[in-house]
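The values are calculated or read from the model by the stated rules, or taken from the named source; none is laboratory data. Computed from a prediction, not measured in an experiment: that's the story for all the values here. Using ideal geometry, Cβ is built from the backbone for each residue, glycine included, and neighbour counts are taken over all protein chains shown. Quick note on the areas: whole protein, heavy atoms, side chains included, nothing else; ligands and nucleic acids left out. Shrake-Rupley method; radii C 1.70, N 1.55, O 1.52, S 1.80 Å.
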Amino acid sequence: MDDSQLLQIAERFGTPCYVYDAECIRRNSAAYRDALGQRGRAFYAVKANSNLSVLRLIAGAGLGFDIVSGGELARVLAAGGAPEDIVFSGVGKHPDELAQALDAGIACFNIESAAELKLLIMLTTDRLGSRAPVALRINPDIDAHTHPHITTGRAEDKFGIPAAEALDLCRQAAASPGIELIGLSCHLGSQIDQTAPLTRALEKMLELRATLRAEGVAIGHIDMGGGLAVPDGTSAPTLAIPDYIGALLDLIGEGDDAPELWLEPGRSITADAGALLTRVLLLKHNWARNFAVVDAAMNDLMRPALYSAVHAVRRLTQGEGDARIWQIAGPVCESTDMLAHDIELPLAPGDILALERTGAYGFSMSSNYNARARPCEALVDGGDCRLVRPRETQEELFASELEHLL
């Protein structure tokens, strides 16, 4: 998407506005599909970007879906995704959500605790003849050295079954009449930029699989989750998709005895396909800093406030501007409402800016804080651009409350 195209979108749909590049999403999806070939499957992590048009693109590119809620299951099905292409992850699945997924006939439940396994056994017992395909998610206690808020594979993290308890729980699952133990699962976190933690975790999964196979329990796949790092736009990528997948497949090996490799990419499919367009409202100077106050805010893009995430900022507008080092600030009444720091650009009120690589965990984490309407979303496919989610209106935000007004 070039600057002139993004400017036209900003004028046509207004700001703030998320814009997604369909061809980039297809290209990233194909990179996973091609690198895995016949030796594995990729399931897109819906939480990264759950727009129905985005999900339909990804389904069309041949990927499955990794969901973490009943709402995401409903979204995937509404977008045309097939139940047999869905895995259900998450540490706290509600009984109603498990029942919803059982009824749909999904490919696999990633079970994260003994309590969750017990609940699923009870549900299948109540449904005579029902069997749930299951992979147990193991916590290998491996630090992927990423941000503490997005790491998932350490002993102190809430995710997964402690490795010391994994074998006994696998045996229990294999012996349960309503459960079909088909895989093992593991996830270390997000923004992983090296293969060493992943291969250490995979070695543990392969050892557990070998023990189970010796006891007559066949494990068809190992799910290594997602989390491949996406550069912030100010640095070069450190780990390419083929290299990441190749390191895991090399360790798994080939042959009839080798398990399939399942992956759950999210950010690396959609992040670099998206930009958040925002307009400069005013320029403000104090004795310490220069602020460019824009119409996008932390309720539109939470990642900088939540994770100190960095997004490159591009000025789309041509013309003169005040050349300084700017802090890009939103209008929300919080000191943490800062979208970018120390951006050196010539800026003027009314300028349109693009915050780059915001296609993942952007709109999906947005909120109505400060009674702000969430932004619109647009999709560019070659020369065509269309709105794929209209901007919320203030009337929509409180319409249901008016019905119950005291």
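Values for this structure:
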{"read-out": "Every residue from segment 83-98 that is free of Cβ contacts under 8 Å to residues at least 40 places away in the same chain and either assigned to a strand (DSSP E or B) or of a type in the set (Ser, Thr, Tyr) (or both)", "value": "Phe88"}
{"read-out": "Residue among Ala78, Ala35, Ala101, Ala107 that is open to solvent by 10 Å² or more (accessible area, probe 1.4 Å), touching a residue at least 12 places away in the same chain (Cβ under 8 Å), out of contact with any His (no Cβ under 8 Å at 6 or more places or on another chain) and farther than 16 Å from Gly225 by Cα", "value": "Ala78"}
{"read-out": "Any chance Asp168 is without any contact (Cβ under 8 Å) to a residue 40 or more places away in the chain and farther than 19 Å from Ser89 by Cα", "value": "yes"}
{"read-out": "Qualifying residue in segment 40-47 (condition: out of contact with any Gly (no Cβ under 6 Å at 6 or more places or on another chain) and either polar (S, T, N, Q) or over 18 Å from Val87 (Cα atoms) (or both))", "value": "no"}
{"read-out": "Pair list, Cβ under 6 Å, 6 or more apart: segment 1-25 residue within 11 Å of Leu277 (Cα to Cα) and touching a residue at least 12 places away in the same chain (Cβ under 8 Å), other residue assigned to a strand (DSSP E or B) and of a type in the set (Val, Ile, Thr)", "value": "Leu7/Ile352; Ile9/Val19; Ala10/Ile352; Thr15/Thr278; Pro16/Thr278"}
{"read-out": "In segment 45-70, the residues that are closer than 20 Å to Trp262 by Cβ, part of a helix (DSSP H, G or I) and either in contact with a Cys (Cβ under 9 Å, 6 or more places away or on another chain) or open to solvent by less than 10 Å² (accessible area, probe 1.4 Å) (or both)", "value": "Val46, Ala48, Leu55, Ile58"}
{"read-out": "Number of the condition not met by Leu123 [criteria: (1) modelled with pLDDT under 95; (2) closer than 22 Å to Gly225 by Cα]", "value": "(2)"}
{"read-out": "Those residues of segment 364-391 which are under 20 Å from Glu11 (Cα atoms) and not charged (D, E, K, R), in sequence order", "value": "Ala373, Pro375, Cys376, Ala378, Leu379, Val380, Gly382, Gly383, Cys385, Leu387, Val388, Pro390"}
{"read-out": "Count - residues of segment 300-321 that are open to solvent by less than 50 Å² (accessible area, probe 1.4 Å) and not hydroxyl-bearing (Ser, Thr, Tyr)", "value": "13"}
{"read-out": "Odd one out for Gly362 among (1) out of contact with any strand residue (DSSP E or B) (no Cβ under 8 Å at 6 or more places or on another chain); (2) on the phi < 0 side of the Ramachandran plot", "value": "(1)"}
{"read-out": "Residues that are out of contact with any His (no Cβ under 9 Å at 6 or more places or on another chain), hydrophobic (A, V, I, L, M, F, W, C) and closer than 24 Å to Ala378 by Cβ, drawn from segment 311-342", "value": "Ala312, Val313, Leu316, Val332"}
{"read-out": "Qualifying residue in segment 355-377 (condition: open to solvent by 70 Å² or more (accessible area, probe 1.4 Å) and either among the acidic types (Asp, Glu) or in a loop (DSSP other than H, G, I, E, B) (or both))", "value": "yes"}
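Results for (1) within 27 Å of Ser29 (Cβ to Cβ); (2) in a helix (DSSP H, G or I); (3) open to solvent by less than 30 Å² (accessible area, probe 1.4 Å); (4) modelled with pLDDT under 95, shown as yes or no for each residue.
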residue	(1), (2), (3), (4)
Gly216	no, no, no, yes
Ile222	yes, no, yes, no
Gly233	yes, no, no, yes
Ala236	yes, no, no, yes
Tyr244	yes, yes, yes, yes
Leu249	yes, yes, yes, no
Asp256	no, no, no, yes
Trp262	yes, no, yes, no
